[in-house]
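The values are calculated or read from the model by the stated rules, or taken from the named source; none is laboratory data. Everything numeric in this text was worked out from a predicted model, so none of it was measured. In this analysis, Cβ positions are derived from the backbone assuming ideal geometry, glycine residues included, and neighbour counts consider all displayed protein chains. Ligands, DNA and RNA are stripped out before the accessible areas are found, and what is left, the full protein with its side chains, is counted by its heavy atoms. Shrake-Rupley method; radii C 1.70, N 1.55, O 1.52, S 1.80 Å.
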Amino acid sequence: METLICKDLAALRTHIGKQLPVGEWVTVTQQMINAFASATHDFQWIHVDVEKAKKYSPFKAPVAHGFLSVSLLSKMLGDVVTVNSATMGVNYGLNKVRFPNPVIVSSKVRLLSKIVGMDDYGENGAKITWDCTIAIEGAEKPACVAEFVSLMFES
């Protein structure tokens, strides 16, 4: 997998509006879905009851929580972008989020992204707005489309 490596935040800023490297495929397993259900206390049967989902779900299998897709964004972005001077990064929030297509268990997903904005934040930081699409292998519609905002600080 290709990773964009930037010396510092100034170098990252030169990539605003450009497509970032495409992320690796990640298989969404039932174990991931169950762990997410345990962490969030969202045990809706469509996610965790395999037999009931096979019988009653229109997808004939369990589907991942939409918020599981969103929660993958930090890791997925970290896999495609490295800023060598960064000492810390944190989530700031989301401006827009949509889940156009369910992620059926055992599907593969990957990140398509670009930086749409970068503002100074304090003395040594930046607030970065990322345009993120989580694609599903073989599907026309993505799992998630989100405008994700993070803070990154350098020493």
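Residues in region 1-35 near a label at Glu137, defined as backbone nitrogen under 19 Å from the 7 Å Cα→Cβ point? Within reach of a label on Glu137, which here means backbone N under 19 Å from a point 7 Å along Cα→Cβ, region 1-35 contributes 1-2, 22-33. Expressed as a whole percent, the accessible surface of the chain that belongs to carbon and sulfur atoms is 52, based on a 1.4 Å probe. Computed extension gain for Phe59 through Val90, at 0.36 nm per residue and net of the alpha carbon distance, reaches 7.7 nm. Summing charges over neighbours of Cys132, with a neighbour being any other residue whose Cβ is under 9 Å away from its Cβ, gives -1 when K and R count +1 and D and E count -1. Size descriptors for the chain (Cα atoms only): Rg and Dmax, in that order, 17.0, 56 Å.
Stokes-Einstein diffusion coefficient for region 43-120 at 4 °C in a medium of 1.567 mPa s, Rh from the Kirkwood formula over Cα pairs: what value in µm²/s?
The estimated diffusion coefficient comes to 86 µm²/s.
To the nearest 20 debye, what is the magnitude of the charge dipole of region 67-155 about its Cα centre, counting +1 on the Cβ of each Lys and Arg and -1 on the Cβ of each Asp and Glu?
That gives region 67-155 a dipole magnitude of about 400 debye.
List the lysines whose Cα lies under 25 Å from the Cα of Lys96, skipping any in the same chain that are fewer than 8 positions away. The reachable lysines, counting only those whose Cα sits under 25 Å from Lys96, are Lys18, Lys75, Lys108, Lys114, Lys127, Lys141. For the chain, relative contact order (Cα pairs under 8 Å, six or more residues apart, normalised by length) works out to 29 percent. If you take the Cα centroid of region 1-29 and the Cα centroid of region 119-155, the two points sit 10 Å apart. Normalised per residue, the accessible area of the chain is 55 Å², obtained with a 1.4 Å probe and no contribution from ligands, DNA or RNA.
Phi angles across region 24-40 convert, under the Karplus curve 6.51 cos²θ - 1.76 cosθ + 1.60 with θ = phi - 60°, into 3J(HN,Hα) values of 6, 5, 10, 7, 8, 9, 5, 4, 4, 4, 5, 5, 5, 4, 5, 5, 9 Hz, Gly and Pro given as x.
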